[in-house]
Each structure stands twice: as C-alpha cells, then as structure tokens.
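For reference, the structure is listed below as structure tokens.
The values are calculated or read from the model by the stated rules, or taken from the named source; none is laboratory data. All values derive from a computational prediction rather than experimental measurement. We place every Cβ from the backbone using ideal geometry, glycine too, and count neighbours over all the protein chains shown. Only protein heavy atoms, including side chains, enter the accessible area calculation; ligands, DNA and RNA are left aside. Shrake-Rupley method; radii C 1.70, N 1.55, O 1.52, S 1.80 Å.
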Amino acid sequence: MNTGVRAGLRRRPAHVAVVATAVLGAAAVAVGIAGAAGLRLGGPAPAGPTPRFVDETASSALAFTYDGAVELSVGGGVAVLDCDADGLPDLYLAGGAGQAGLFHNDSAVAGPLQFRRVADPATDLTSVTGAYPIDVDGDGHVDLAVLRSGGNVVLRGLGGCRFERENEAWGLDGGSLDTMAFSATWEDGNTWPTIAFGNYVDERIEDPTRWCEPNQLVRPEGGGQRWGRPQPLEPSWCTLSLLFSSWDGSGRADLRVSNDRHYYQQDRGQEQLWRIEPGHPPRLYTAGDGWERVQVEGMGIASYDLTGDGLPEVYLTSQAANHLMTLAGGPSSPTYKDIGLDRGTNVPHPVIGDDTALPSTAWHPEFADVNDDGLVDLYVSKGNVSQQPDYAKRDPSNLLLGQPDGTFVEATEAAGLVNFDRGRGAALVDLNLDGRLDLLESFYGAPVRIWRNDGPGDGSSAAAHWLGVRLAQAAPNADAIGATIEVVAGATVLRRELTIGGGHSGGQLGWVHFGLGSADHAEIRVRWPDGTSSPATTVAADTFTIIDRSSGARTWRPAAGL
C-alpha cells in the first residue's frame, strides 16, 4: 500500500471541509430548538453538575497500546462485554500491528478500577482494528465479531472468558479486506443474525475510482444456523461505521453507512441508507425516496431519540464540524436535516491547546448520561489521523453535557478529561457497578486510558439516581437486539433502541444505563423486536434490573451472577 497516501497527505485542505460544513448547517440555523425538550412530559428538570473523572490507568493494570503502520491508523476499537457472566463489564481491545487484548474486570463494587489480562491464542490476534460483542447462537455466552485488516474472525464464547474460532463451523468467509465497521440484526424468520462488514480502502489499485473496498452483507444460509455467501453492497464508498437501526420506528432495521469522502469521487459517493427487508435484496435509498446527498469524512455513528418523538436522531463524526441529523418530516421518508449548529454539537475545533484555530478530526461518538441527571450527554473522541498538517495535532476529545433546552455544553476540561493523544475508540460504561459511567479510550500510538467517574465535581453530596437494565428472551436473539427500552421517571421519558454497530470500530453489550435525576423509582416499558410490548414494570432507583420476556423483571445484585 502507498503508506504516504494512507497517512492522509492527500486529504483536502481544511477550508474545503469547513465550506461543506457551512452548506450542511445552513438549514439548521433556522430550525431553532423550541420544543427540543419534548421528551419531558412535565417540564425540564435542571441539569446536573459536571462529574469529576479520575485517571486510574496506572493503578488499574490496564497497560495496552493500539499501534501500527498508517494503514491501521483508522482503527482502534474498544469492545465491552461480560465474558464470564458475573455482571462486571470486561474489555477486548484492538491492538493493530500488535496482539489484541482481552481484559477481565477485577474491580470491587464502587471501588478502584482493576483489570487482569487473559492470554489466549484465540483472542490474542494481530491486525485487529476493532470488535463487537454479539451472542450469535443465543446460548447465553457472548461471542465476538473481530474486525481485522486481512481476514475477519468470529469467536464463539465458551464461558469463563474463553473463546474459540468459529469461522468454518458457522460458515463465515472472513475475506481479506481492511475492515473497520460492523453491525448486526435479526431479520424476521431467521434463527441466525444478519451481519454487515464495512471495508475501507486499497490504494494499491492504480485506478482511484476503485479504491474503496466493497462492503458486505451476510445473511443466514436458508435462514438456518450458518451464514451464506457474502453479498457485496454496491456501490461502496470507503466505510468507517455501520449501524442497523429502525430509523422510521417501524421495527425494520435498515443499514446506515458512514463513508470517508476523501477516497471517493465527489460526484458519486455519499452517506448511504440501505433498506433491508426480509426475503428481499438490499435496496439503496435514493433521492426518489427523499434521501438527500450528504458527504462527510464519515468516522462514526451514534443514535438516540433526542426529541422525544420515538425516532432516533443520528450523530455523524467527521473532520471539521460533526453533524447531528434529524428527520425533517417524520417517518414518511428518510429526509434528514442538520440541527447540530443550534444544539451545540458541531465541535469543529479543539476545545483547548495550541491548535484551536485548526479543524478537528473526530472518531467515536456515544450518547450516555454521565451525571445521571436524566439528560443524555455526548462524548466524541478526537485525534489526528497521523500527521495531517491541515488538521489539529493536539486535538482533545469532547464531553458535552445535555441541557434542559436540548442543547449541549462543553465540559471536557471541567471534568478532568483533557488529553492530547490521538483518540480512536471509546466507551462510557459503569465498570465498577456504582451507578456512574466511567470512561475508557483507545489511542493511536499511545497507551489506552481509563477514568473512573467520581461523581459531582462541585462537591455536592446529593447524588443523582440511576438505573441499569438488561433484556433477555429465548434464542435466537437472546439479548433482544432491536428492542426499545422506555424508562419513565417522574416527568422524564427516556428511550433507547438496542443495537449492535455504530460508534467507531467497537461497541458494548450488557447493562443499559439510564440517569433518573431526582426520581427514586421508575417505570420500564419494553417494545420487543417483534413489535409486541410488555406491561410497565415499576422498579426502585439505583438498582440493576433484568427483564426476561418469559418470567418478567427481577432485581440483580453484584456477586449474584447472571
């Protein structure tokens, strides 16, 4: 490969990206945010204080670095999974040119963060760019879809944090491409998941119109417990993130694709949305369906219902400004408009440091409530691709705190999270089960970092309440991927669709965290993947709840096992 090109030396100057951002954001200026807090039934609650994060990397024994040649510089994913069913989130970290690493969580409840590496040839793979947890066969043991440069691997979980390769037994052709993205869903009538791989670029090909490697959709063979031949998703435009999601609330999971416009012809490539209908070939949404052309240096995808209409907004990371997209006219057509400018989520430049005049490079986005005030927050990891002179080299990630009026405010420095390494994958996750979301971030060419959420940074003693939720149903799709969890706490209604995919090269499977603010109890409602709904269940705040479709809700306590 032409590694000089891979280092990003051919990327367009920053002013091009800024102009494109201005065009995308022009419509957003007139949108306004009246009614932005529509998810609140009885008026907005006050925003909570900024949390204080404590760097516990050195004491946690989590010593690990993602690195490699520039062709690996766009990977670096983080997978969060519970590999031994003890309720504590474990970690699988992409290593790039070095070995990937599986780390068991040895943290005491509400105590310091502690990890222990689990060495195993099955998981200690090289050329790993990212990974996503998924229970493929519905046996209750989480599996891993491992993304690699040169051949993807699916690892079957055996329990006890042990894994074995299952490509051959499960019919997966791992290919030989540079895979950076993954997503999965269960289509109606199938006992095996439908999966998609997003592939990047091969500049060894002389014709630049053919640089982008084909993405692949893999469906079960005959609907059974084995995958069939991969189906190319053409055209493909150098993909860095994929997400199966029900954008229109129908329950059907279509596939959103985020692409890097640096590598495709501007008159051809764009962001994409594929209609994935059971029993039919995938169909690309076009202008005739209401789809409008958007071109970004697409790095990551996050989705969350910010407006309370039951439909997810979509956040796209890029270089220069990022983009927060909402449906312009509801679920009748996939026509999106950018509201990021009004909401304060564009974050086009570093928030602090020597390079604040230069545009940023953003990677992993994630919506989660870090201060448990019932208002969702947004984390965006950032870092130069390699040594791109037109983009900030000192580019710290952003923590944006949600406000009652639907906007977001910058809180990175106040939270103690400023770091100038080149960020890639990340995860907001309650690692010690104390009800507060901690932070893990992977960097290109620098050690991973882990921060423990120490609660309100203003010294206030009254902590906000929270809830951890997991869903369970009979196989297949034992984790109910595609379901929607709705939590009602006082005047607040929060919704989250369970998905596998999005982010940047990594994702989570396990407890779903909700901040409840001052509410001391909440109602949980579940719309299962087949569209049926369970009756509301009232639970106490500050608890972990497992909702089993057959047996109902039960409280789970640490050390009880799952």
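Values for this structure:
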quantity: Only one of Leu437, Leu417, Leu433 that is buried (at least 24 other Cβ atoms within 10 Å of the Cβ), touching a residue at least 12 places away in the same chain (Cβ under 8 Å) and closer than 26 Å to Gly459 by Cα; calculated: Leu437
quantity: Filter pass, Gly445 being of a type outside the set (A, V, I, L, M), within 30 Å of Ala69 (Cα to Cα) and open to solvent by 20 Å² or more (accessible area, probe 1.4 Å); calculated: yes
quantity: Leading residue by the ranking (most open to solvent (accessible area, probe 1.4 Å)) among those in the range 90-108 that are over 18 Å from Val146 (Cβ atoms) and either assigned to a strand (DSSP E or B) or touching a residue at least 60 places away in the same chain (Cβ under 8 Å) (or both); calculated: Ala108
quantity: Test result for Ala480, outside any strand (DSSP E or B), of a type outside the set (Ser, Thr, Tyr), modelled with pLDDT of 95 or more and open to solvent by 20 Å² or more (accessible area, probe 1.4 Å); calculated: no
quantity: Residue selected from the range 156-199 under the condition touching a residue at least 24 places away in the same chain (Cβ under 8 Å) and basic (Lys, Arg), by the criterion farthest from Cys238 (Cα to Cα); calculated: Arg162
quantity: Per-region count, the range 490-516, residues surrounded by fewer than 23 Cβ atoms within 10 Å (Cβ to Cβ) and on the phi > 0 side of the Ramachandran plot; calculated: 2
quantity: Cross-chain or 6+ apart pairs with Cβ under 7 Å, the range 203-223 first and modelled with pLDDT under 95, then among the basic types (Lys, Arg); calculated: Glu203/Arg6
quantity: Any hit, the range 328-348, residues being farther than 30 Å from Val409 by Cβ and of a type in the set (Gly, Ala, Ser); calculated: yes
quantity: Pairs where the first residue, in the range 471-484, is closer than 16 Å to Ala253 by Cβ and the second is aromatic (Phe, Trp, Tyr) and outside any loop (DSSP other than H, G, I, E, B), C-beta under 9 Å, 6+ apart; calculated: Ile481/Phe244; Gly482/Phe244
quantity: Sole exception among (1) modelled with pLDDT of 95 or more; (2) within 25 Å of His504 (Cα to Cα) for Arg268, by number; calculated: (1)
quantity: Residue in the range 130-137 that is touching a residue at least 24 places away in the same chain (Cβ under 8 Å) and of a type in the set (Asp, Glu) present; calculated: yes
quantity: Within the range 534-558, tally of residues that are in a loop (DSSP other than H, G, I, E, B) and touching a residue at least 60 places away in the same chain (Cβ under 8 Å); calculated: 5
quantity: Count of residues meeting criterion [more than 19 Å from the chain's Cα centre (by Cα), under 18 Å from Asn105 (Cα atoms) and in a loop (DSSP other than H, G, I, E, B)] in the range 48-82; calculated: 5
quantity: Qualifying residue in the range 325-340 (condition: touching a Phe, Trp or Tyr at 6+ places or on another chain (Cβ under 7 Å), among the aromatic types (Phe, Trp, Tyr) and open to solvent by 10 Å² or more (accessible area, probe 1.4 Å)); calculated: no
quantity: Residues located in the range 342-367, provided they are of a type in the set (Gly, Ala, Ser) and under 18 Å from Gly425 (Cα atoms); calculated: Ser360, Ala362
quantity: Tally, over the range 353-379, of residues that are more than 26 Å from Asp405 (Cα to Cα), touching a residue at least 12 places away in the same chain (Cβ under 8 Å) and surrounded by fewer than 24 Cβ atoms within 10 Å (Cβ to Cβ); calculated: 5
quantity: Filter result (farther than 24 Å from Ala475 by Cα and either free of Cβ contacts under 8 Å to residues at least 24 places away in the same chain or surrounded by fewer than 19 Cβ atoms within 10 Å (Cβ to Cβ) (or both)) within the range 224-261; calculated: Gln231, Pro232, Glu234, Pro235, Asp248
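A quick yes/no check of all residues on (1) open to solvent by 20 Å² or more (accessible area, probe 1.4 Å); (2) out of contact with any Leu (no Cβ under 9 Å at 6 or more places or on another chain):
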| site | (1), (2) |
| --- | --- |
| Gln114 | yes, no |
| Arg117 | yes, no |
| Ala131 | no, no |
| Ile134 | no, no |
| Asp137 | yes, yes |
| Val153 | no, no |
| Gly159 | no, yes |
| Arg165 | yes, no |
| Ala169 | yes, yes |
